[in-house]
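A short worksheet on the structure shown next.
Any read-out appearing in this document is the output of simple, stated calculations on the displayed coordinates, not a laboratory observation. What you are looking at is a predicted structure, and each value in this text was computed from that prediction instead of being measured. Positions of Cβ are backbone-derived with ideal geometry, glycine not excepted, and every protein chain shown enters the neighbour counts.
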Amino acid sequence: MSLTNLLPGPLGFGTAPMGNMFRAIPEEEVQATLQAAWDQGIRYYDTAPFYGAGLAEIRLGAMLSQRPRDSFVLSTKVGRVIHDEIEDPATRDLGEKGGLFEHGRPNKMVDDYSADATKRSIEDSLERLNTDRLDIVWVHDIAQDFHGDRWLAQFEIARTGAFRVLDDLRDQGVIKAWGLGVNRVEPIELTLALDEPRPDAFLLAGRYTLLDHGQALQRLMPAAQEQGVDMVVGGPYSSGVLAGGTHFEYQQAPPEILATVGRIRDLAERHGVSVKAAALQFSLAHPVAAAVIPGATRPSRIAEDLAALREEIPVAFWRDLRSAGLLA
């Protein structure tokens with residue numbers, strides 16, 4: 001199914017921060033933010049077991065379970081199974097993302113892209129989300145940033161396991177769409193080259209932003225467009241640094257990234273444009289991009305995102321970005 005027919009609009013809500021990413025977020029703050037998103041018309045929500053070892057799903061489910069199920073679109077992910085066994089979140093091996101959810105639940109997380117684990121993961125997510133069905137399921141983080149040199153072996157497990165399970169569930173009408181949810185372009189390119197199974201769409205985080213878009217723009221987006229595959233763009237603010245924060249790629253932003261953001265900000269101010277609007281609208285501008293899903297932990301951020309989406313950006317701003325070497 002085409003995402004443009006499935007999704008209710010171009011702006012969704014990414015719930016990674018709700019898993020206590022970077023900090024322990026009070027429950028009342030989480031629910032106030034989710035309520036603000038709902039009150040201001042957000043109807044697509046994306047989550048994952050990985051986000052705080054199920055914490056984000058539980059928190060999102062507490063809000064959405066009070067709403068009519070047909071009134072929103074919901075996606076979650078497979079690839080990690082959450083166990084009752086306890087572990088120290090700070091010691092988890094998360095590849096390049098070490099310590100990302102050390103404030104989340106201490107339940108043990110196990111990487112598993114097999115068919116049986118995919119079915120169990122979906123059942124567990126339905127329980128945590130307190131819902132009877134999912135609309136979209138993404139195969140999560142099957143890439144180099146989490147698995148290093150083992151990523152191709154994990155991809156093969158997913159190809160014969162998770163991919164086929166999700167293909168069957170989509171064909172049976174149990175889910176409406178499936179694809180990969182990753183932070184790298186290579187797994188998506190590899191999947192697009194397969195004869196079967198055939199995914200409907202992809203969630204690409206952090207690789208189609210103002211700060212990092214060259215590879216996706218040159219290779220991935222044209223291939224996806226040629227095959228009629230839509231894209232949800234995650235991480236449009238590059239972990240926050242494009243929205244006034246200090247994180248890039250889920251870590252403290254290095255000096256060279258801060259300097260680049262400063263150059264973008266200078267040009268934006270010259271044209272009377274907010275960096276947040278530029279970042280959000282850039283990630284949506286390609287025909288393949290069906291939606292963008294920034295995250296938030298404060299209610300005020302929702303109104304900021306909606307305002308950024310509506311802001312008028314002059315063509316001259318984009319021309320100046322290209323002339324300065326800040327856009328491909």
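What translational diffusion coefficient, in µm²/s and rounded to a whole number, does the Stokes-Einstein relation yield for the range 89-185 at 4 °C and a viscosity of 1.567 mPa s, taking the hydrodynamic radius as the Kirkwood radius over Cα pairs?
Values: Rh = 14.4 Å.
Result for D is 90 µm²/s.
What helices does the chain hold that run 20 Å or longer along their axis, going by alpha-carbon atoms, with a Kyte-Doolittle average of -0.5 or more, using DSSP H for the helix calls? Let's see the in-between values first.
Details: long enough: 115-129 (21 Å, -0.90); 255-271 (24 Å, -0.32).
Counting only whole DSSP H runs, the qualifying helices are 255-271.
Count the net charge of all other residues whose Cβ sits under 12 Å from the Cβ of Ser121, scoring Lys and Arg as +1 and Asp and Glu as -1.
Values: positive: Lys77, Arg80, Lys119, Arg120, Arg128; negative: Glu57, Asp111, Asp112, Asp116, Glu123, Asp124, Glu127.
Result for the neighbourhood of Ser121: -2.
Only four residue types carry charge here, +1 at the Cβ of Lys and Arg and -1 at the Cβ of Asp and Glu. Report the dipole size of the chain about the Cα centre in Debye, rounded to the nearest 20. Don't skip to the answer; put the middle values down first.
Numbers: 33 positive and 46 negative charges, 151 e Å.
In debye, rounded to 20, the chain gives about 720.
In whole percent, what relative contact order does the chain give with Cα contacts below 8 Å and a gap of six or more residues?
Working: 644 pairs, mean separation 62.6, N = 328.
Rounded, it is 19 percent for the chain.
Could you state the per residue volume, in Å³, of the convex hull enclosing the Cα atoms of the range 196-287? Please list the in-between numbers first.
Working: hull volume 9.1 nm³, N = 92.
Enclosed volume per residue, from the Cα hull, is 99 Å³.
Which residue fluctuates the most in the chain, going by a Gaussian network model with Cα springs under 10 Å, if the choices are Trp178, Trp38, Trp138?
Trp38
Sort out for me the Cα centre separation of the range 250-301 from the range 163-227, rounded to whole Å.
23
Identify which of Arg219, Arg59, Arg301 has the largest mean-square fluctuation in a Gaussian network model of the chain, with springs joining Cα atoms closer than 10 Å.
Ranking Arg219, Arg59, Arg301 by mean-square fluctuation puts Arg219 first.
Given a cut-off of 16 Å, what percent of all Cα-Cα pairs of the range 248-324 lie beyond it?
Working: 1697 of 2926 pairs.
Of the Cα pairs, 58 percent sit more than 16 Å apart.
I'm checking a number: the convex hull volume of the Cα atoms of the range 24-178, normalised per residue, in Å³. What is it?
Details: hull volume 17.0 nm³, N = 155.
That works out to 110 Å³ per residue.
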